[in-house]
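This report concerns only the one structure given below.
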Amino acid sequence: MRRTPDRMALICEDRSLTFSQHKKAISGFARMLREIGVEGERVAILMTNCLEMPVCILGAMAAHAYVAPMNPNYSDSEIEPLLKDASPKVIVTLREFYDRVRRVADLIGVQHVLVAGEGSNTIQAWIDQGSEGLPKPLPQADDFAMMFFTGGTTGLPKGAEHRHRHIMAFCRLEAAFFSTLGYDREVSLSVAPMFHIFGHHHGAIHPLYIGSTHVLVRQYKPDIVLAQLTKYKVTLFAGGPATVYVGLLAAEGMKTADLSSLKICCAGGSACSEDLLRKWSTTTGCDIFEGIGMSEGAPYANNPAVGKRKVLSVGIPPPETDVEIVDLESGTRVLPAFERGEIRVHGPQMVSSYRNRPEETAYTIRNGWLYTGDIGYFDDDGYLFVVDRKKELIISGGYNIHPREVDEVLNSHPDTLEVATVGMKDAFRGEIPVAFVVLQPGRTTTAEELIDYCRQRLVDYKVPRSIQFMDALPKTGPGKIDKLKLRGLR
């Protein structure tokens, strides 16, 4: 902000902020929150991507509050337990969500519900109240900064507690991976919602760290995203889950989009198939650099911009970070290259606790290692390959089936657009693999043809016993395929 005060910091539709204006708005919002008395308290933010959201997040942190971003599209029954867990002093939301948020706030006794964009809570009002400097003293590195709620596909979401040092560690590690990016000259764009760690880190924190002009997309619509990438000559595209890239490739706007300015496209949240990686690179001239992180910390591996990039690998661990593969039984025996086991991580970006969950903290974080629940292996070059989630492992007739293996085969079929394989209960085998498929527009491939395609490429017990066609796969808030919902469809 000090280096280039007049450079554009944020662009969202027809509104924008320079770095100087951004800092003053953060300062003004922080001062207002301090008058309410949020120091050491939680501030819940229920907003979709907009110009106000990064200002509110950073302003709350500057006010020494502990920020809890949440999906505003959750139902009352989903939001209420999260707000109870966070126990906020203040909730910040948008007008479209106010009535529902106010109702839940009254139920749990939260007095202060602010509507960003109205009255004294507009960007201009915060700028007028702000200054060139943030309120002093600034937060300490070990103070709580944010909690990100886990995806919730396996139960009630948990609040992963991030301190300021965890957030800064992300910035250092991301800069190390993408060393070809320069300071104060890039233009970035992300589509993930900022209530999710990927969307937050790439939408509110990393652009500020490298002095990038950041283009905010309010809602993911492929043709709008392609138009913005073209208009602003974006150099860093934080696409996120594979479904985002699949949608862009299938969009009408891809035929005329000029993506020649792209230097880095990063992916995380769900695996990209080999077919998708090849198509994106061929179509745009820019590779997708896959990495991996979680609500508890990111990244813990990434394909580097300089050096070897391996297709289907999530890359190498970043500096300051140790990653090991351990046996599934004891979680203590470190496994050699190519042997599959659970991935555990020790690094400055990883949290050390869940809010109000001492038992789950003790189970997940042991002797300084965070057990990810991901199953993977290292190759001889130290590149990490993620096979699947530990809890998504399908055990059929005593055989282990990793759904991603089935997904990779189905994704390679020319008629499929999106694929997700899950385990369904079966009286004989315990579980059987069932695949849910979205076809490419205009294609009419049958289930029998896809099953036969899998039969030619997979051992029999991995072949889906059923294929169900859908118009679209259900997604969670962060844009991941909701496998819990798919399991309930049968």
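Only the coordinates and a few stated rules stand behind these numbers; no lab work does. Please read these numbers as outputs of a predicted model, since none were measured by experiment. Ideal geometry is used to build each Cβ from the backbone, glycine not excepted, and the neighbour counts take in all protein chains shown.
Listed values, structure above:
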quantity: Label-to-label distance, nm, for residues given as Gln140 and Asp379 (7 Å Cα→Cβ offset); calculated: 4.6
quantity: Relative contact order for the range 1-137, counting Cα pairs under 8 Å that sit 6 or more residues apart, in percent; calculated: 32
quantity: Total formal charge among the other residues, if their Cβ is under 13 angstrom from that of Arg165, Lys/Arg +1 and Asp/Glu -1; calculated: -2
quantity: Value of relative contact order over the chain, rounded to a whole percent, pairs C-alpha under 8 Å and six or more apart; calculated: 11
quantity: Cα centroid of the range 174-245 to Cα centroid of the range 91-127, whole Å; calculated: 27
quantity: Percent antiparallel among DSSP beta bridges (both partners in the chain, rounded to 5); calculated: 60
quantity: Amide proton proximity set for Ile45, modelled H, under 5 Å, gap of 5+; calculated: Ala68, Met70, Val92
quantity: DSSP-loop trypsin sites (Lys or Arg not before Pro) across the range 158-195, with at most 15 other Cβ within 10 angstrom; calculated: Arg185
quantity: Out-of-range pairs (alpha-carbon distance over 27 Å; input Lys255/Lys308; Lys221/Lys263; Lys255/Lys483; Lys233/Lys255); calculated: Lys255/Lys308; Lys255/Lys483
quantity: Loop-located chymotrypsin sites (Phe, Trp or Tyr not before Pro) in the range 332-393 whose Cβ has at most 13 other Cβ within 10 Å (DSSP); calculated: Phe338
quantity: Neighbour-count order for Lys310, Lys89, fewest beta carbons within 10 angstrom listed first; calculated: Lys310, Lys89
quantity: Charge context of Tyr66, other residues only, Cβ under 15 angstrom, K/R +1, D/E -1; calculated: 0
